[in-house]
Amino acid sequence: MTAGTREFDIIVFGATGFVGELTARHLVGHAPDGVRIGLAGRTQAKLEKLRAGLGGKAKDWGIVVADVDKPSTLDEMVARTTVLCSTVGPYALYGETVVGACVNAGTHYTDLTGEVLFARRSIDKFHEQAVANGTKIVHSCGFDSIPSDLGTFLVYERAKADGAGTLGSTTLVMRDLRGGASGGTIASAIGLADEVSVDREARRIAGRAHSLTVDDTRETPKQPGDLSVVDARSVDPSLSGTLAPFFMGSYNTRVVRRSNGLLDFGYGPDFTYRETMAVGSNPIVSTVASRAVQGALAVGMAALAIKPLRPVLDRILPAPGEGPSEASQAKGRFRGEVYTRTTSGRRYRSTIGAQLDPGYSGTAVMLGESSLALALDGDTARGGAPLPTYAGVLTPAVAIGDVLADRLRSQAFTVTVDELT
């Protein structure tokens with residue numbers, strides 16, 4: 001499939017959902033003129049209402065009716081586009097058929113999944129076929145897991161360019177985080193809790209540090225635990241206090257480790273990776289807060305698996321497709337910092353952040369720009385920058401890399417990498 005030869009450059013599937021609409025709104029404002037975009041979902045009338053509400057150049061966008069319960073409609077949809085941008089989750093329920101249709105048609109794909117079991121199945125079922133036909137299947141193109149994945153990739157590239165050796169202990173510190181968890185993320189967590197509670201193999205995969213591995217025999221055997229409380233100075237001497245475990249670390253760490261494998265384990269034989277969250281710099285206060293977060297995460301996952309609690313959780317947690325008001329989103333922000341010490345002893349830090357709600361408006365920008373990159377930047381005939389040549393079931397860093405970093409900078413994201421002294 002040659003980019004630009006199909007009816008659409010990008011189809012946003014699930015466009016009438018909350019994040020789907022946010023992504024469509026980002027594309028209205030930031031897709032270059034001439035980019036051909038379609039809005040897809042189950043209901044023609046809802047799609048037409050969305051298109052009318054988007055205004056501007058969306059008036060020329062196409063409408064595509066497709067339903068995950070009707071595979072023939074998926075086949076017809078993906079055959080019409082260069083990239084399918086899917087916001088239809090939980091992906092464990094709805095994603096596999098969509099990915100399969102994309103791979104069969106040679107259509108590039110982006111999504112927002114933070115579901116390790118779905119990602120593992122996608123790799124097992126579709127990676128080799130996607131490699132063979134040159135298709136990029138790029139999971140986790142939002143807050144899960146671009147700050148983690150791209151942040152680590154950037155320090156790797158900088159250290160390599162400096163001749164500073166390979167990466168050793170590497171840690172994400174998520175700080176200045178303000179924003180709500182999406183209903184889709186919560187639904188995905190509940191689905192994972194249900195599956196691991198009854199399926200031993202699913203429980204084993206979810207718990208493995210290298211559950212999205214490329215090659216077990218080359219992985220660094222010992223990796224930090226997902227619920228570790230960490231002395232900040234052990235991450236970098238510029239930090240202080242105690243760091244709490246980051247609530248998406250159990251997924252993001254697997255994505256970062258897959259990137260390492262896809263890059264022929266270029267991060268190095270001593271590479272380890274963990275994720276933390278800043279809760280203050282005061283030693284006593286941050287230690288107490290970190291232990292509280294650690295306990296809450298452990299209890300929270302267990303609570304999701306208790307079905308009699310579901311009616312209570314349904315009343316207090318957002319449902320899939322729901323999200324905060326524009327005023328609430330406007331208060332959102334995040335900053336992820338990845339610290340590493342190389343085998344030569346040099347220290348680096350990358351930073352990725354924005355004054356946007358991480359799970360909503362920020363995620364819409366990251367997903368939209370990832371989709372635009374796959375649609376346009378691989379097509380030099382249309383003035384695009386060259387993309388990495390990898391194909392298969394990929395990660396954002398491996399599939400898009402520096403092109404994505406540049407795109408996020410153009411959207412007022414902070415994307416930097418520095419050597420620390």
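The values are calculated or read from the model by the stated rules, or taken from the named source; none is laboratory data. Because the structure is a prediction, the values reported are computed rather than measured. Reconstructed Cβ throughout: ideal geometry from the backbone, glycine too, with neighbour counts over all protein chains shown. We work out accessible area using only protein heavy atoms, side chains counted, and drop any ligands, DNA or RNA first. Shrake-Rupley method; radii C 1.70, N 1.55, O 1.52, S 1.80 Å.
Checked against the criterion of being open to solvent by less than 60 Å² (accessible area, probe 1.4 Å), in contact with a Lys or Arg (Cβ under 6 Å, 6 or more places away or on another chain) and closer than 24 Å to P269 by Cα, segment 170-192 contains one or more residues that satisfy it.
Contact map, segment 193-206: residues that are in the same structural domain as P308 (by the TED database) and surrounded by 13 or more Cβ atoms within 10 Å (Cβ to Cβ) paired with residues that are charged (D, E, K, R) and assigned to a helix (DSSP H, G or I), Cβ distance under 6 Å, separation 6+ or inter-chain. Pairs shown: V196/R203; A202/E195; I205/R120. Listed by first and then second residue, the pairs linking a residue in segment 164-177 that is assigned by the TED database to the domain that holds R257 and modelled with pLDDT under 95 to a residue that is part of a strand (DSSP E or B) and basic (K, R), with Cβ atoms under 6 Å apart and 6 or more places separating them unless they lie on different chains, are R175/R335; D176/R333; D176/R335. Determine, yes or no, whether V398 is at pLDDT 95 or above, assigned to a strand (DSSP E or B), assigned by the TED database to the domain that holds V131 and open to solvent by less than 20 Å² (accessible area, probe 1.4 Å). When the stated conditions are applied, V398 does not pass them. Those strands (runs of 3 or more DSSP E) of segment 20-106 in which 2 or more residues are in the same structural domain as G368 (by the TED database), touching a strand residue (DSSP E or B) at 6+ places or on another chain (Cβ under 9 Å) and crowded, with 19+ Cβ neighbours inside 10 Å occupy 37-41, 81-86.
Scan segment 258-273 for residues that are touching an Asp or Glu at 6+ places or on another chain (Cβ under 9 Å) and of a type in the set (V, I, T) and the total you get is 0.
Among the residues of segment 241-250, are any touching a residue at least 60 places away in the same chain (Cβ under 8 Å) and assigned to a loop (DSSP other than H, G, I, E, B)? There is at least one residue in segment 241-250 that is touching a residue at least 60 places away in the same chain (Cβ under 8 Å) and assigned to a loop (DSSP other than H, G, I, E, B). One residue stands out among those in segment 52-84 that are under 28 Å from S140 (Cβ atoms) and of a type in the set (K, R): the one that is farthest from the chain's Cα centre (by Cα), which is K70.
Just so you know, in segment 320-359 the residues that are among the β-branched types (V, I, T) and assigned to a strand (DSSP E or B) include one that is surrounded by the most Cβ atoms within 10 Å (Cβ to Cβ), and it is T340.
Of the numbered criteria (1) open to solvent by 10 Å² or more (accessible area, probe 1.4 Å); (2) within 23 Å of Y156 (Cβ to Cβ); (3) at pLDDT 95 or above, the one A385 fails is (3). A count restricted to segment 240-267 and to residues that are open to solvent by 10 Å² or more (accessible area, probe 1.4 Å) and of a type in the set (A, V, I, L, M) stands at 3.
Give me the helices (runs of 4 or more DSSP H) completely within segment 110-226, filtered to those with at least 1 residues that are aromatic (F, W, Y) and within 26 Å of L93 (Cβ to Cβ), ordered by residue number.
Working: elements: 116-133, 146-162, 183-198, 200-207.
Counting at least 1 such residues, we get 116-133.
Residues in segment 115-131 include at least one that is closer than 16 Å to L367 by Cβ, under 18 Å from the mean Cα position of the chain (by Cα) and of a type outside the set (A, V, I, L, M).
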